[in-house]
Amino acid sequence: MSASKPVTQVQPFLDPDTETWSYVVYDHPGGSAAVVDPVLDFDAPSGHTGTGGAKAIIEFLHREKLTVEWVLETHAHADHLSAAPFVRQQVGGSIAIGDRITEVQAIFREVFNLEKAFLVDGSQFDHLFRDGDTFRVGALEARVIYAPGHTPADMAWLIGDALFVGDTLFMPDVGSARCDFPGGDAATLYRSVQKLLELPEETRMFMCHDYPPAGGRRHRCETTVGEQKRNNIHLHQSVSEAEFVAMRNKRDATLPMPRLIIPSIQVNIRAGQMPPAEDNGTVYLKVPINKL
Ligand SMILES: [Fe+2]
C-alpha cells in the first residue's frame, strides 16, 4: 500500500446575518481540527451577543470527535464579531492571527482612544503567525501566506490542498474585497492575489464571505485557483494592476461602512474579547463620531 497524502476535510458554516463563512478543517473523524473565522452573534440595536452560530460549530466538533488545535482568524474582521474566545473556552485550541495585527491594533487604538493598558503587541492572541510559517492540523501540513490589501494584516491559510483566503478574493462572480478601510490598499491586494493565484490550479479556495449577485443563486463558499484565474470578475488573469486599482478605488468610494464595523473592530483587535468592564460592572463599546 502506498502512503497517500491525507485529504483535507472541510465543513463550512454560513452566518446568514453577516454572510460570513466559518469552517472546521480536519484530517479525519476522531482526528485534529482547526476552526477558521468563527462568528459571534451580535444584535446591534440591543447590544446583545449570542452563541447560536458558534454552537453549531461546537456540536459538529463533538459529533466528529475532533480535537481542536487552532482557532484561526484570517484578519481583524470589520463586519462581524469573532467567537474565537467562546470556541476556545468550549473545545480548546490556540487563537492565532497574522503578526501584522499589531499595525491594525495601532491604527484602531488611536481611532477608539483605547485604554492605556491596551497593548499593540498582539499579546491578546495565543499565537501570531508570520508569512511562510508552517504548522500542522493533525496529519495535515499547513502554510501561512501573507495576503494584505483589505487590511495590513490579512493571512491566507493553506491547509493541505484547501486555501482559506479571508477577505481577498470572493467567489468569481462577486470579485474581490474592498480596500478602503484604514491601512487598506488596492495595489497591495492585487499583488497578494497574484501570489495566491500562483498555487496549483486545482487548489480548493474557501471564501470568508459570499454576497450572491442579484438574480438569486444561493450562497457558495468554494471554488478553485483555476476558476478564479479564468473567471473572477475583478481579478481574472488578464486584469492589470492599474485596471484593478482604478476599478477598486472607484467602487469602494460608493460602498457604505459595514453595519457592524464599529463594534466588530473594537472586539476583534482584542482577539474577540470585550473591553474591560467599567466600575459598574458593565461592558461598553464606543462610537467615534465623524471619525471613520
Ligand atoms: Fe474583512
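In nm, to one decimal, how far is the modelled label at ASP43 from the one at GLU59, with both set 7 Å along Cα→Cβ?
Result for the modelled spin labels: 2.0 nm.
Compute the length gained on full extension between ALA187 and ASN280: take 0.36 nm times their separation in residues and subtract their Cα-Cα distance, giving the result in nm to one decimal.
Working it through step by step, the gained length comes to 28.8 nm.
Which order, highest average first, do 170-176, 71-77 follow once you tally other Cβ atoms within 10 Å for each residue and take the mean per peptide?
71-77, 170-176
Quick one: Karplus J couplings for the range 113-130, per residue in order, coefficients 6.51, -1.76, 1.60, θ = phi - 60°, nearest Hz, x for Gly and Pro?
Karplus values, whole Hz, x for Gly and Pro: 6, 5, 4, 4, 6, 6, 8, 9, 10, x, 6, 5, 8, 6, 8, 10, 9, 9.
At 7 Å along Cα-to-Cβ for each site, give me the label-to-label distance between GLN237 and ARG136 in nm.
Result for the modelled spin labels: 3.5 nm.
Taking R0 as 35 Å, what FRET efficiency do you get between GLN194 and MET257 from their Cβ-Cβ distance, rounded to the nearest 0.05?
Here the calculated transfer efficiency is 0.80.
Between ALA246 and ASP17, what is the FRET efficiency for a Förster distance of 35 Å, r being their Cβ-Cβ separation, to the nearest 0.05?
That pair, ALA246 with ASP17, gives E of 0.60.
Give, to the nearest whole percent, the P(r) tail of the range 142-202 beyond 20 angstrom, counting all Cα pairs.
So the portion of pairs separated by more than 20 Å is 20 percent.
Given 0.36 nm per residue, what is the gain on full extension from ARG143 to ARG217 after removing their alpha carbon distance, in nm?
23.4 nm
Long-range amide H contacts for THR67: which residues qualify at under 5 Å (H placed 1.01 Å from N, peptide plane, sequence gap of 5 or more or a different chain)?
So THR67 has HN proximity to GLY31, SER32, ALA33.
At 7 Å along Cα-to-Cβ for each site, give me the label-to-label distance between VAL111 and GLU227 in nm.
According to this spin-label approximation, the distance is 3.2 nm.
In whole Å, what are the Cα extents of the chain along the three principal axes, biggest one first?
64, 48, 37 Å, listed from the longest principal axis down.
For the range 1-147, compute Rh as the Kirkwood radius over C-alpha pairs and then the Stokes-Einstein diffusion coefficient at 4 °C and 1.567 mPa s; write the answer in µm²/s, rounded to an integer.
Estimated diffusion coefficient is 79 µm²/s.
Over what distance in Å are the Cα centres of the range 108-178 and the range 209-237 separated?
Result: 21 Å between the Cα centres.
Need the full-extension length gain, HIS127 to ASP173, defined as separation in residues times 0.36 nm minus the C-alpha distance. One decimal, nm.
Net length gain for the segment: 13.1 nm.
Along the charge dipole of the chain, pointing to its positive end and built from +1/-1 on Cβ of Lys, Arg, Asp and Glu, which listed residue (SER192, ALA56, CYS221) has its Cα farthest out?
CYS221
Given LYS55/LYS291; LYS195/LYS291; LYS5/LYS229; LYS116/LYS250; LYS229/LYS291, which pairs have Cα atoms separated by over 28 Å?
LYS55/LYS291; LYS195/LYS291; LYS116/LYS250; LYS229/LYS291
No value in this document is a laboratory result; all are computed from the given coordinates. Treat the numbers as computed from the prediction; the structure is a model and nothing was measured. Cβ atoms come from the backbone with ideal geometry, glycine included; neighbour counts cover every protein chain shown.
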